[in-house]
2 protein chains.
Amino acid sequence: MPSMEVWIEYASTYSYLTVARIGRLAAQLGVALDWQPFFLPPVREHQGLGFPFPEASAKTAHMWRDLERRADRLGVPYRRPSTYPVNSLPTARVALAGKQDGWCQRFTEEAFRLHWTQGCLIGTDDNLREALGTLGLDAAQVLQLANSPGNKEALKAQTPRAVERGIFGAPSFVVGNELFWGDDRLEDAFDWALTHG
Amino acid sequence: MPSMEVWIEYASTYSYLTVARIGRLAAQLGVALDWQPFFLPPVREHQGLGFPFPEASAKTAHMWRDLERRADRLGVPYRRPSTYPVNSLPTARVALAGKQDGWCQRFTEEAFRLHWTQGCLIGTDDNLREALGTLGLDAAQVLQLANSPGNKEALKAQTPRAVERGIFGAPSFVVGNELFWGDDRLEDAFDWALTHG
């Protein structure tokens, strides 16, 4: 079965469009997803890049309008959250902790859904607890694991792994040695996985 | 007939993917193209943005690989030019001069084709003269018009017009009040023109 690494930053706006549809697409196409939660800011710093969407810039204004139009085009529910950017670190830690137990994807989908359709912001305790509850997990236990020194180190270790792959933004998809950046390259990445993966 | 403004920067890599296919698509779909040659650097400066592809960055490495893959996917001939970025100012002036006489699109297609398939670089005299020659135009006469004070001022006046539309990159497409940025939004822009234009 061909496979694809999925590098998700939990504060990334376009990552939502990916998270909302990648699970269904991967199942339809028969591509295995290797989820790679990471924290983008130190990666961008390493790559010599600043924050991609400065407040009140024309680029940021386009991003919001484009996101709304793309969500509509892709059939993805969308309600603009009150806050941007959010602190995604706690969520990335939980998602990584869930990788070993196989619930990383379901948690990611639920955390993003709460943020982008219910106004329950990523990075808040409410979002974490509600997402974990929906999965039937013990939030206190998971949060203890997520905040353990070993898991924190594991998330830090994602930074050099991302840099090694040439990653500089999110979402990013890696198939073999090929890097695809952006939700608008998701189809290209799947096609590559199916033909070269 | 629905119409769409096409904002092209002649040094922009992704603009090539658009220029290579937009004419055929517009004719098939029945959308009129309103070509808007402009010079992007002062627009980005006004928007508080730097050069988008710093040399030797991971983002730039991805851009080149992505461009090659996209050209292949879209069926667009592609040979990576020796120089990036090029000085696009002389070409933008000629293209704008061609707008009033109706050959802006054909000149643009030819200038890009020479750059991206023949190694004859945009911004050089060779590129300008060969493109104009292919169109059966008198290069000396056109260059005199292109470098006239009136035409230089007309190109400068494109900067505030671009800013007014929220443009910050190229290619950009404008349909009514909707701005679409990037070759990967060309289909979205056409669909918008057909449904709302």
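The values are calculated or read from the model by the stated rules, or taken from the named source; none is laboratory data. Model, not experiment: these values are computed from the prediction. Cβ sites come from the backbone with ideal geometry, for glycine too, and all protein chains shown count toward neighbours.
With respect to the conditions (1) within 12 Å of chain A (Cβ to nearest Cβ); (2) modelled with pLDDT of 95 or more; (3) under 27 Å from residue B:79 (Cα atoms), residue B:18 falls short on a single one, namely (1). Which one is farthest from the other protein chains (Cβ to nearest Cβ), of the residues in segment A:146-162 that are touching a Leu at 6+ places or on another chain (Cβ under 7 Å) and farther than 26 Å from residue A:83 by Cα? Here the residue is A:151. Meeting the requirement of 1 or more residues that are within 14 Å of chain A (Cβ to nearest Cβ) and either in contact with a strand residue (DSSP E or B) (Cβ under 9 Å, 6 or more places away or on another chain) or surrounded by 15 or more Cβ atoms within 10 Å (Cβ to Cβ) (or both), the helices (runs of 4 or more DSSP H) wholly within segment B:52-132 are B:58-74. Quick one: residue A:48 ticks every box in (1) modelled with pLDDT of 95 or more; (2) not in a helix (DSSP H, G or I) bar one, so which box is it? Failing condition for residue A:48: (1). Scanning segment A:133-145 for residues that are under 25 Å from residue A:85 (Cα atoms) and in contact (Cβ under 8 Å) with a residue 40 or more places away in the chain, we see that the one that is surrounded by the fewest Cβ atoms within 10 Å (Cβ to Cβ) is A:143.
In contact (Cβ under 8 Å) with a residue 12 or more places away in the chain, within 14 Å of chain A (Cβ to nearest Cβ), buried (at least 22 other Cβ atoms within 10 Å of the Cβ) and in a helix (DSSP H, G or I), is that true of residue B:43?
Values: in contact (Cβ under 8 Å) with a residue 12 or more places away in the chain: yes; within 14 Å of chain A (Cβ to nearest Cβ): yes; buried (at least 22 other Cβ atoms within 10 Å of the Cβ): yes; in a helix (DSSP H, G or I): yes.
Yes.
Among the residues of segment B:163-182, just one is more than 10 Å from chain A (Cβ to nearest Cβ) and touching a Leu at 6+ places or on another chain (Cβ under 6 Å), namely B:170. Checked against (1) away from chain B (no Cβ under 14 Å); (2) farther than 14 Å from residue A:91 by Cα, residue A:143 meets all criteria but (2). In a residue-by-residue description of segment B:18-25, the property of being β-branched (Val, Ile, Thr), over 14 Å from the mean Cα position of the chain (by Cα), under 27 Å from residue B:197 (Cα atoms) and not in a strand (DSSP E or B) applies to no position.
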